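Asker: What follows is a single structure, and I will ask about it in a moment.
Any read-out appearing in this document is the output of simple, stated calculations on the displayed coordinates, not a laboratory observation. Being a predicted model, the structure only gives us computed values, none of them experimental. Using ideal geometry, Cβ is built from the backbone for each residue, glycine included, and neighbour counts are taken over all protein chains shown.
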Amino acid sequence: MPKRMIIVLAVVVIVIVIAVLATREDPDVVVDEDVAIEYILWDASQLPAYTEVAELFMERNPDIEINIVQMGWGDYWDDLTRRLATDDAPDVWTNHVAFFRDFAERGQMLALDDRIEQSDIIELNAFMPGLADLFVFEGANYGLPKDWDTIAVLYNKEHVAEAGIDREELENLTWNPDDGGSYQEVIQRLTLDVNGNDGLSPGFDRNNTARHGFAEAFDAMSAWGQTQFSLLAKTLDWEFHNETATEFYFDEPEFVSIIEWMRMMTDEGYYLPFEDSESVNELLVAGEVSMVTDGSWMIGFYTDNMGDNVGFAPIPHGPQGRNSMFNGLSDAIWSGTDNPEEAWKWVEFLASPEAQEIVGSYGVVFPAVASATEIALDVYAQRGHDVSAYTDLAFDDEKNHLHPIAANATQIDSIMQDAFERIWLAPADPADELARATAEINALFR
């Protein structure tokens, strides 16, 4: 090789090496490389739907990789809290309204207003009424809705038929805290002792129940009682707190009467005992209990595991009518993410009608966009399941109330969970225990 050529090649190599070193040392030099966004959720049944959404997103955005991490409910919030505290949180997380305000007050989420305003695919009025408002704090929007839920009564059709309970009875259940109404009677008729006596029989042995008529998810009963007491409380015209969510009313007679009725149902053997109430959904599937109340996010679980043997009935009418908690989830962006624009691009797509219609096609939840909810309804209908017990409540403002939003939600939850355990397991007097817990909660705001 000629000497001149060798010199030229040497110069080229040196220039390349210098350029590479300069890129490494100069923070202002941008190097094109793929961005990885971590996205976490807790619901395993929704993982396939969001995996498909992520694959479509990455196909259109090859420079952004979406890594989905799914974990159970309890582990999810423990892990997220720890990671936020250590400044190592996921870029995007599925958020719940019960914890939303705490995250907002600590400045752990990005405000999305400017991005929403500039978006070509997000229209807030495309979401179910009220959902977008759930994630507004001090005038700023910190999340885009992903789905919504209400509560219904789910029952084992075979057990109901054996007890001689017809559909009309289930469609028109009534409840009150004094005698429990027809709701209590149906639960008693579904309860059997070891000798085959039902709960209305004079010979019923409450200490030897073979099959409980109802299973309450006591192990998961939080301060908000979404699937447990919220559907009864509102029918007594009871409110969780005052307008500023700084004074709570768990000690008021209306609420005390609900908890006293629920404990009576447990003591008499009609409700599954508190200590056995873990995974009540699986007990309904196994035929060990006859009835539960649960959220619309669990429809897929029951239909997949019970097929045509699961039925859906409206929650009972109380003294003030019928009323379900109406709740929604959102996707939040961590304020400390290294990739805010890529994270927003993912959240924006998740909230789009296109993505939510994909989720709706899986028939596991009701997406926040109305058109996607219609797709989910069609899927359920094609499977032969009437889920109008959920949708009738969602589309009527007179029959639903929004999930409470309050500061100190984690502490309030902990206080009330402890109170409920004392009431069922100690057992403490409900009125005394709820008075103690309420005073402790209200002290958080003094």
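Asker: State, as an integer percentage, the relative contact order of the chain based on alpha-carbon contacts under 8 Å between residues 6 or more apart.
Answerer: So the answer I get is 24 percent.
Asker: Using a basic spin-label model with each label point 7 Å from the Cα along Cα→Cβ, how many nm lie between L124 and S388?
Answerer: The answer from the label model is 3.4 nm.
Asker: Also, I was wondering about something else. Specify the residue with the greatest mean-square fluctuation among A161, A389, A152, computed from a Gaussian network of the chain linking alpha-carbon atoms under 10 Å apart.
Answerer: Among A161, A389, A152, the largest mean-square fluctuation in the Gaussian network model of the chain belongs to A161.
Asker: Below 8 Å, C-alpha to C-alpha, sequence gap of six or more: please give me the relative contact order for segment 148-289 in percent.
Answerer: 24 percent
Asker: Give, in nm to one decimal, the length gained when the segment between D79 and F395 is fully stretched (0.36 nm per residue of separation minus the Cα-Cα distance).
Answerer: 110.3 nm
Asker: Which FRET efficiency value, to the nearest 0.05, do you get for V136 and E65 by plugging their Cβ-Cβ distance into 1/(1 + (r/R0)^6) with R0 = 25 Å?
Answerer: 0.20
Asker: Normalised by the residues of segment 295-425, what does the relative contact order come to in percent, with Cα pairs under 8 Å and at least six apart?
Answerer: Relative contact order for segment 295-425 comes out at 29 percent.
Asker: A further question follows. Report the gain in length on full extension from D88 to D179: 0.36 nm times residue separation, minus Cα-Cα distance, nm rounded to one decimal.
Answerer: 27.5 nm
Asker: Quick one: dipole size for the chain, taken about the Cα centre, charges +1 on Lys/Arg Cβ and -1 on Asp/Glu Cβ, in debye to the nearest 20.
Answerer: Once rounded to the nearest 20, the dipole reads 720 debye.
Asker: Next question, about the same structure. So which DSSP H runs in the chain come out at 24 Å plus along the axis (Cα) with average Kyte-Doolittle of at least 0.0?
Answerer: Sorted by number, the helices that extend far enough and score high enough are 3-25.
Asker: With each label point set 7 Å from Cα along the Cα-Cβ vector, what nm distance links N242 and E117?
Answerer: Distance between label points: 3.4 nm.
Asker: Once both labels are modelled 7 Å past Cα along the beta-carbon direction, what's the A44-S361 spacing in nm?
Answerer: Using points 7 Å along Cα→Cβ, the separation is 2.5 nm.
Asker: What GluC sites (Glu not before Pro) in segment 150-246 are in a loop by DSSP, with at most 12 other Cβ atoms within 10 Å of the Cβ?
Answerer: Qualifying residues, ordered by number: E243.
Asker: Most mobile of N156, N327, N172 per a Gaussian network model of the chain (Cα springs, under 10 Å)?
Answerer: N172
Asker: If you keep only loop residues by DSSP, which GluC sites (Glu not before Pro) in segment 261-306 have at most 16 other Cβ atoms within 10 Å of their Cβ?
Answerer: E268, E278, E288
Asker: Of [x] 22.7, 81; [y] 26.3, 111; [z] 23.7, 77, which one was derived for Rg and Dmax of the Cα atoms in Å from the structure shown?
Answerer: [y]
Asker: Right, next: Taking the chain as a Gaussian network, where each spring joins two C-alpha atoms under 10 Å apart, which residue of R101, R263, R60 fluctuates the most?
Answerer: Judging by the Gaussian network model, the answer is R60.
Asker: I've got another one for you. Given segment 303-446, report the % of alpha carbon pairs whose separation exceeds 25 Å.
Answerer: The proportion of pairs with Cα distances above 25 Å equals 56 percent.
Asker: Hey, another quick one. If you take every DSSP beta bridge whose two residues both sit in the chain, what share of them, in percent to the nearest 5, is antiparallel?
Answerer: DSSP beta bridges in the chain are roughly 65 percent antiparallel.
Asker: Collect residues whose amide H, placed 1.01 Å from N in the peptide plane, falls under 5 Å from the amide H of N400; neighbours closer than 5 in sequence don't count.
Answerer: S324
Asker: Now for a different question. Based solely on its DSSP helices, what 222 nm [θ] is calculated for the chain when runs of n ≥ 4 H residues each add -39,500 (n - 2.57) and the sum is averaged over all residues, nearest 500 deg cm²/dmol?
Answerer: When only DSSP H runs of four or more count, the value is -12500 deg cm²/dmol.
Asker: Continuing with the same structure: May I ask you to compute the full-extension gain from D308 to L444, defined as 0.36 nm times their residue separation minus their alpha-carbon distance, rounded to one decimal in nm?
Answerer: 44.2 nm
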